[in-house]
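Below is one structure, written out as structure tokens, with a few remarks after it.
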Amino acid sequence: MMRLLRVEIDRFFSRRTTRVASIGLLGVVVLALVAVWQSSAPASEEEKALSQQFYEEALADWEVNGEATLADCYEQEEAAQEADPTASFDCETWAPQSETYLWPDQLFTDQAGSVLTGIGYAVLLYAFFVGVSFVAAEFATGSMGSWLTFEPRRTRVYASKLAAAGLGVVVPAILAAVLVVGGAWAIFRMWGTLGDVTGELWSDLAVGGLRLTLTAIGVAVLGAAVAMVVRSTAAAIGLLLGYVIVVEGIIGSAVDALKPWLLTLKVEAVLQGESTYWVDDCTTDASGTMCESIGKTVSLTNGAVSLVVLLAVVVTVGLVTFRRRDVG
């Protein structure tokens, strides 16, 4: 088995598609760091001066018209509370606040987690693509049939190919995470906006990177198993796009009962530690129907277990299909 695995890993990394996809992933990392550079730049002195000017103008206007504005706000709030006693217009917050005219500088400590999550989705797409193409190409070229003449034990062939796909994305996933987090740290350090970087933050990022790597391994194995069934890279990518557009985009946004089962939420929960989705809680009375959005959480455990179950099902289907279906 180990001999088969070594051969498959060599074939995985020798494929041009794998190398091109890896270069593409590196390009995404560069683009992500460019986006971090642009979004994290502190306000210039000119921008600060202009914001201060706008704030002072708004404050001067408030000193003249503030009482009338507040009175009108409270009047409208009272009218709204006749229909809904809980209605609130937050009139106390209407006075100009300096922080609303100039956003505070972004800090590395606040943004590092989201930067890692952002590159995580690119890594997972990369893992799915290379996993699918690694197996599907062998069916397209006919090399799978030739390989089975040398190693007719299909279960061993199946296991070695899926293992090679999973192990093959470990280094790219780790490198992508390290490069994007390290690059972001360097950018924020240059701006002088690192914040209070502690050992706990680095520990959290390391755990997040580990979750990303394990998820990437699973997604690559999933892609390879799907390819064993559909035997075409285009078909596998089409299935993924169809699911995202139809199930996640159309049905998922329209049917609240389906939202806790959406794969994007499960993946997000694993990458971030948890994910949140919103459902409408509607009540009807004499005044009509009123709806309130309620946030619900998908835990890390929920997301991880769901993805493992999905992976197990697809891998099993792939094995049964590969063992029973004619390769030629």
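The values are calculated or read from the model by the stated rules, or taken from the named source; none is laboratory data. Here the structure is a predicted model, which means the values were calculated and not measured. Cβ atoms come from the backbone with ideal geometry, glycine included; neighbour counts cover every protein chain shown.
Among the residues making up the range 24-71, those that are more than 22 Å from L179 (Cα to Cα), among the hydroxyl-bearing types (S, T, Y) and touching a residue at least 12 places away in the same chain (Cβ under 8 Å) are S51, Y55, T69.
One residue alone among G303, G295, G318 is over 25 Å from A224 (Cα atoms) and outside the structural domain of L162 (by TED's automatic domain parsing), and that residue is G295.
Close Cβ contacts (under 8 Å, 6 or more residues apart or on different chains) running from residues in the range 1-15 that are more than 13 Å from A165 (Cβ to Cβ) to residues that are at pLDDT below 80 comprise L4/E151. Of all the residues that make up the range 10-46, how many are assigned to a helix (DSSP H, G or I) and either modelled with pLDDT under 85 or not aliphatic (A, V, I, L, M) (or both)? Qualifying residue count for the region: 18.
Candidates in the range 280-302 are the residues that are touching a residue at least 12 places away in the same chain (Cβ under 8 Å) and within 30 Å of A216 (Cβ to Cβ); of these, the one that is surrounded by the fewest Cβ atoms within 10 Å (Cβ to Cβ) is G295. Among the residues of the range 234-268, those identified as among the small types (G, A, S) and over 24 Å from S299 (Cα atoms) are A234, A235, A236, G238, G242. Screening V255 with (1) aliphatic (A, V, I, L, M); (2) within 20 Å of A224 (Cα to Cα); (3) out of contact with any helix residue (DSSP H, G or I) (no Cβ under 6 Å at 6 or more places or on another chain) gives one miss only, at (2). Of all residues in the range 188-213, those that are surrounded by 19 or more Cβ atoms within 10 Å (Cβ to Cβ), of a type in the set (V, I, T) and under 28 Å from V170 (Cβ atoms) total 1.
Screening the candidates G145, G118 for the property of being touching a residue at least 12 places away in the same chain (Cβ under 8 Å) and within 28 Å of R325 (Cβ to Cβ) yields one hit, G145. Selection of helices (runs of 4 or more DSSP H) fully inside the range 150-263 by the criterion of at least 1 residues being free of Cβ contacts under 8 Å to residues at least 60 places away in the same chain and closer than 14 Å to V123 by Cα returns 154-168, 170-191, 199-230. If I filter the range 24-41 for residues that are in the same structural domain as S143 (by TED's automatic domain parsing) and within 22 Å of E138 (Cβ to Cβ), do I get at least one hit? The answer is yes; a qualifying residue exists.
In the range 268-294, of all residues being modelled with pLDDT under 80 and not in a strand (DSSP E or B), the one that is farthest from A173 (Cα to Cα) corresponds to A286. Scanning the range 72-91 for residues that are loosely packed, with under 10 Cβ neighbours inside 10 Å and within 37 Å of the chain's Cα centre (by Cα) turns up T86, D90. Against the numbered list (1) of a type in the set (D, E); (2) under 40 Å from the mean Cα position of the chain (by Cα); (3) more than 30 Å from F322 (Cβ to Cβ), E138 comes up short only at (3).
Determine whether the range 35-54 contains at least one residue that is of a type in the set (V, I, T), under 26 Å from the mean Cα position of the chain (by Cα) and surrounded by 13 or more Cβ atoms within 10 Å (Cβ to Cβ). Among the residues of the range 35-54, at least one is of a type in the set (V, I, T), under 26 Å from the mean Cα position of the chain (by Cα) and surrounded by 13 or more Cβ atoms within 10 Å (Cβ to Cβ), which makes the answer yes. Annotation: of all residues in the range 73-99 being in contact (Cβ under 8 Å) with a residue 12 or more places away in the chain and assigned to a helix (DSSP H, G or I), the one that is farthest from E63 (Cα to Cα) is A83.
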